[in-house]
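A short write-up of the structure that comes next.
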Amino acid sequence: MIDTIAFDGDDTLWHNESLFSMTQDRFRALLANHLADPADIDRRLLQAERENLRVYGYGIKGFVLSMIETAVDLTDGRIGGRDIQSLVEFGKAMLEHPVDLLDGVQEVVEGLAGRYRLLLVTKGDLFDQESKIARSGLAGRFDAIEIVSEKDPATYRRLLDRHGVDPARFVMVGNSVRSDILPVLAVGGHAVHVPYHVTWAHEVAEPPTENYRRIDSLHGLPPLLAAW
Ligand SMILES: [Mg+2]
């Protein structure tokens with residue numbers, strides 16, 4: 001019997017990766033004046049993002065610094081100050097972008113609140129995540145909100161301990177197999193995968209073969225919980 005449900009935020013409750021891929025399109029267009037191969041731009045940017053995770057962590061600010069670094073690198077330092085300014089503006093536009101909830105989120109979260117203990121477990125930049133949670137209008141529906149720097153088994157174990165949750169009665173709902181499914185199964189919890197239409201290359205992972213469920217949208221969650 002499940003008594004505690006944790007939701008991921010980005011691309012599970014609200015759109016996020018679509019904003020990154022839209023900005024990456026703008027980044028590619030900006031660099032197209034200097035360079036020919038768009039595939040190379042994507043590859044180098046991903047490489048910079050991955051290398052920078054350990055210094056900046058997840059989030060938009062680190063993404064902007066990775067774009068700048070990639071632009072300087074790929075143009076052999078010829079990128080102009082105006083273009084760098086544009087990259088900074090791309091980041092500000094992302095940070096100020098309205099929070100768009102995914103289909104079904106509002107009604108499903110409101111329907112489950114009060115019947116289950118609800119947690120929100122999201123990773124990334126503290127300031128940005130707090131701002132998005134506030135703007136989502138959902139903050140009051142959760143019994144606890146946890147903003148973490150990485151979603152690995154140790155993080156989930158610590159969270160479950162702190163909230164006194166038995167892993168056997170816990171389910172995590174999220175879009176990332178790597179962050180929301182595999183580490184939760186590793187600590188003995190349950191997991192529901194709700195794929196988003198775009199996945200950041202860093203988050204791509206092979207789904208497990210058993211012990212998890214997959215639904216197309218959050219509308220599928222209440223019937224799944226009822227049948228559990
Ligand atoms: Mg996510």
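Before we move on, is Val99 within 16 Å of the ligand (Cβ to nearest atom), under 16 Å from the mean Cα position of the chain (by Cα), modelled with pLDDT of 95 or more and part of a strand (DSSP E or B)?
Taking the combined requirement at face value, the residue does not satisfy it.
Which of the following residues is farther than 12 Å from Phe7 by Cα and modelled with pLDDT of 95 or more: Gly114, Gly174, Gly137?
On inspection, the qualifying residue turns out to be Gly137.
Could you tell me whether segment 118-139 includes any residue that is in contact with a Pro (Cβ under 8 Å, 6 or more places away or on another chain) and part of a helix (DSSP H, G or I)?
Yes: one or more hits.
When residues of segment 200-224 are filtered for being buried (at least 17 other Cβ atoms within 10 Å of the Cβ) and not charged (D, E, K, R), how many remain?
Looking only at that region, the number is 4.
Please list, ordered by first then second residue, the pairs with beta carbon atoms under 6 Å, 6 or more apart or interchain, first in segment 120-141 and free of Cβ contacts under 8 Å to residues at least 40 places away in the same chain, second among the β-branched types (Val, Ile, Thr) and part of a helix (DSSP H, G or I).
Ala139/Ile133; Arg141/Val109
Can you tell me which of (1) surrounded by fewer than 18 Cβ atoms within 10 Å (Cβ to Cβ); (2) of a type in the set (Gly, Ala, Ser); (3) in the same structural domain as Val173 (by TED's automatic domain parsing) is the one Gly81 doesn't meet?
Of the numbered conditions (1) surrounded by fewer than 18 Cβ atoms within 10 Å (Cβ to Cβ); (2) of a type in the set (Gly, Ala, Ser); (3) in the same structural domain as Val173 (by TED's automatic domain parsing), the odd one out for Gly81 is (3).
For segment 27-79, enumerate the residues that are under 24 Å from Glu150 (Cβ atoms) and not in a helix (DSSP H, G or I).
Gly57, Tyr58, Gly59 - these are the residues of segment 27-79 that are under 24 Å from Glu150 (Cβ atoms) and not in a helix (DSSP H, G or I).
All but one of (1) touching a residue at least 24 places away in the same chain (Cβ under 8 Å); (2) more than 16 Å from the ligand (Cβ to nearest atom) hold for Met22; state the number of the condition that does not hold.
The single condition Met22 does not satisfy is (1).
Might you let me know whether segment 210-217 holds any residue that is of a type outside the set (Lys, Arg), under 17 Å from Thr122 (Cβ atoms) and touching an Asp or Glu at 6+ places or on another chain (Cβ under 9 Å)?
No, segment 210-217 has no match at all.
The values are calculated or read from the model by the stated rules, or taken from the named source; none is laboratory data. Just so it is clear, the structure is predicted and the values come from calculations on it, not from any experiment. Here Cβ is always computed from backbone atoms with ideal geometry, including for glycine, and neighbour counts include all displayed protein chains.
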